[in-house]
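Accompanying notes for the structure given below.
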Amino acid sequence: MNTEYLRITDERADADAIRRAGAVIQDGGLVAFPTETVYGLGADAFNAEAAQKIYAAKGRPSDNPLIVHIADIASLDEVACDVPDQARQLAERFWPGPLTMIFRKCENLPKETTGGRDTVAVRFPSNTCAQALIAAAGGFVAAPSANVSGRPSPTNGTDVMEDLDGRVDIVLDDGETVVGLESTIIDMTCEPPEILRPGAVTVDQIREIIPAVVQHASGADDEARAPGMKYRHYAPKAPLHLCNGAVVVDQIQMACDEDKQKGLKTGVLTCTENAPFYRADCVQVLGSERKPEEMAHRLYSCLRAFDRAGVDVIYSECFNPEGIGYALMNRLEKAENQTETE
Ligand code: TXA
Ligand code: MG
């Protein structure tokens, strides 16, 4: 397949590109598009065959459900039923934005879109290009992150092309995404509602509306609740080790020195403050410890940079798990604990 790569540059080109991309989705094709979190790989949510194409393009197991993206709050009731009041309050407060909610699905939404489940994950993204595309495509775009299964999610058009060139009809490039980590996912089908994946909308923010909300314990991921969690996630190619403690810099440097003697190519993931202290083959800097948003934003491009450098092993510091730092540490822990592969 020949992939058309369209950079969103000026308004006229935008309108044209988006109309064309919307038509491709309506015809059952695949379009990679920007959102404020990470890039998505979109198809018509009501077209079962198109949803199956997503799984093929990503190399993703078909029991791992897709998120349905909408471009206005009213569309929620066309894909979800039994939407509780608290969910409407969350939508009022956080949509459009990086929050995905899980509900019982409507009858006519194909099971191919929801990985065979009776529930559906729904999100209303804030990126204006995404909103225009969803509207042009008919209002309901099923999309996982636009990476090949098991690789870090893409946060810019170049990273999307690296994974999906030749596998999708169109790639819309709108530059760097804002957040850089996938949306917060909350399951609204249980009582109390449960956060299955942390993201930019934090548990503290959700607690203001749902005081009883619980966080799904990481490490206790069970397949029935969060199917995507059992698969290899967010991972660079080399094994990643998380290091913690008062002498973390010395500890990591020592490990690097030992590995180098064994002939291994070493990578270190660090913050601006500690970066000058490392001697390794590839040092990737997330940003200042004082700017957790910036660190989260850069995580996946740093992980991809390790792949490009061809390192054999990666050592990462642990970072303050407050605010979006919690989601950052969640992704790093997943990158460290790779038990199963897709
Ligand atoms: O920020 C995001 O959420 C991005 C952008 C493109 O919107 N999308 C994204 O999709 O991260 P994906 O497919 O990479 O991750 C969605 C996760 C998967 O782990 C999947 O298993 C879970 O959401 N999920 C989707 N529908 C579900 C459902 N009905 N029940 C339980 N988990 C579900
Ligand atoms: Mg993903």
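The values are calculated or read from the model by the stated rules, or taken from the named source; none is laboratory data. These figures come from a predicted structure and were not determined experimentally. Cβ: placed from backbone, ideal geometry, glycine included. Neighbour counts: every protein chain shown. For the accessible areas, the whole protein counts, side chains as well, though only heavy atoms, and no ligand, DNA or RNA atoms are used. Shrake-Rupley method; radii C 1.70, N 1.55, O 1.52, S 1.80 Å.
Just a few scattered comments:
- Looking only at the range 198-216, and only at residues there that are outside any loop (DSSP other than H, G, I, E, B), of a type outside the set (S, T, N, Q) and open to solvent by 10 Å² or more (accessible area, probe 1.4 Å), the one that is farthest from Ala15 (Cα to Cα): Val214
- Of note, Pro276 does not satisfy the criterion of being closer than 29 Å to Ala217 by Cβ, open to solvent by 30 Å² or more (accessible area, probe 1.4 Å) and not hydroxyl-bearing (Ser, Thr, Tyr).
- Leading residue by the ranking (nearest to ligand 1 (Cβ to nearest atom)) among those in the range 151-162 that are open to solvent by less than 10 Å² (accessible area, probe 1.4 Å) and not aliphatic (A, V, I, L, M): Ser153
- Pairs are defined by a Cβ separation below 7 Å, a sequence spacing of at least 6 or placement on different chains, a first member in the range 191-216 that is more than 19 Å from His233 (Cβ to Cβ), and a second member that is among the hydroxyl-bearing types (Ser, Thr, Tyr); the pairs so defined are Val201/Thr184; Thr202/Tyr326.
- Candidate set from the range 60-75 (those that are in contact with a Pro (Cβ under 7 Å, 6 or more places away or on another chain) and farther than 17 Å from Val141 by Cα); member that is most open to solvent (accessible area, probe 1.4 Å): Asp63
- Residue count for the range 36-70, restricted to those that are within 14 Å of the chain's Cα centre (by Cα), assigned to a loop (DSSP other than H, G, I, E, B) and more than 12 Å from ligand 2 (Cβ to nearest atom): 1.
- Strands (runs of 3 or more DSSP E) lying entirely in the range 120-197 (those with 2 or more residues that are away from ligand 2 (no atom under 16 Å from the Cβ) and touching a helix residue (DSSP H, G or I) at 6+ places or on another chain (Cβ under 8 Å)): 170-173
- Tyr5 vs. criteria over 22 Å from Asn108 (Cα atoms), surrounded by fewer than 21 Cβ atoms within 10 Å (Cβ to Cβ) and hydroxyl-bearing (Ser, Thr, Tyr): yes
- Among the residues of the range 277-294, the one identified as in contact with a strand residue (DSSP E or B) (Cβ under 9 Å, 6 or more places away or on another chain) and assigned to a helix (DSSP H, G or I) is Phe277.
- Given (1) within 11 Å of ligand 1 (Cβ to nearest atom); (2) surrounded by fewer than 17 Cβ atoms within 10 Å (Cβ to Cβ), number of the condition Ala142 does not satisfy: (2)
- Residue selected from the range 323-338 under the condition of a type in the set (A, V, I, L, M) and in contact (Cβ under 8 Å) with a residue 40 or more places away in the chain, by the criterion nearest to Leu196 (Cα to Cα): Ala327
- Only residues that are open to solvent by 10 Å² or more (accessible area, probe 1.4 Å) and among the polar types (S, T, N, Q) were counted across the range 76-117, and they come to 3.
- Checking Pro110 against (1) more than 14 Å from ligand 1 (Cβ to nearest atom); (2) touching a Phe, Trp or Tyr at 6+ places or on another chain (Cβ under 8 Å), the condition it does not meet: (1)
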